[in-house]
Amino acid sequence: MDLAEAFDKVPHQRLLEKLRKHGIGGKLLRTVGNWLSKRRQRVCVKGVKSMWEEVWSGVPQSVLHGPLLFLIYINDLQEDVISNVFKFADDTKLFRQVTDTVDTVGMQEDLDRLVERADKWQMQFNVSKCKVMHVGKKNPRHSPNSPNSPTPACLHRRYWHE
């Protein structure tokens, strides 16, 4: 599952809130806040430039601490998720063995938790990049949506055999 425009959507004040919760404060927190708040950008189309505008969200990807700040921001995305979760930059992989409908319901609940958590922190999963992968020739291919919970908008099915 891919977080849509992830690096661009990190709200500065919410990021600073998370840094405080991780015990970062004082001069370091002020320095990060100043670095984020003093960013400006403009658009240039066919040689015509817009006015400079302050940037209210996002972390630069081209410097070392930008991706680090992003990872701190999404670090608790999988809170209360029982399935296994791997994150790399803006990609999130949720996986578990699904052998029956109980496992299917559990995985759907975990998907729902991820989507809710992302929404809470003003992030969304990119619908066109989210896939479900079924692994194994004898895989029963249980549906990823439970009877009690609609499939999140980010899910599409793709089947794969070993």
Original post:
Over the heavy atoms of His12, what accessible area does a 1.4 Å probe trace out, to the nearest 10 Å²?
Top reply: 10 Å²
Original post:
Using alpha-carbon positions, what is the distance between the centroids of the stretch 84-139 and the stretch 1-69, in Å?
Top reply: 27 Å
Original post:
the stretch 47-131: which trypsin sites (Lys or Arg not before Pro) are DSSP loop and have at most 16 other beta-carbon atoms within 10 angstrom?
Top reply: Arg96, Lys131
**OP:** Taking every Cα atom in the stretch 1-58, find the radius of gyration and the maximum pairwise distance Dmax, and write them in Å.
**Re:** 14.6, 46
Original post:
Setting aside same-chain residues fewer than 8 positions from Lys87, which aspartates and glutamates have a Cα under 18 Å from its Cα?
Top reply: Asp2, Glu5, Asp8, Asp76, Glu79, Asp110, Asp112, Glu116, Asp119
Original post:
In the stretch 21-57, what chymotrypsin sites (Phe, Trp or Tyr not before Pro) fall in a loop by DSSP, with at most 16 other Cβ atoms inside 10 Å?
Top reply: Trp52, Trp56
Original post:
Within straight cross-link reach of Lys27, meaning Cα distance under 29 Å, which lysines are found once same-chain residues fewer than 8 apart are removed?
Top reply: Lys9, Lys18, Lys38, Lys120
**OP:** Run a plain Debye calculation on the stretch 20-104 (Cα atoms as equal point scatterers, no solvent) and give log10 I(q)/I(0) at q = 0.18 Å⁻¹, rounded to two decimals, same order as the q list.
**Re:** -0.93
Original post:
the stretch 66-142: which GluC sites (Glu not before Pro) are DSSP loop and have at most 14 other beta-carbon atoms within 10 angstrom?
Top reply: Glu79
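The values are calculated or read from the model by the stated rules, or taken from the named source; none is laboratory data. Values in this document were obtained by computation on a predicted structure and should not be read as measured data. A quick note on method: Cβ atoms are made from the backbone with ideal geometry, for glycine too, and the neighbour counts reach across all protein chains shown. Just the protein is used for accessible areas: all its heavy atoms, side chains included, with ligands, DNA and RNA removed. Shrake-Rupley method; radii C 1.70, N 1.55, O 1.52, S 1.80 Å.
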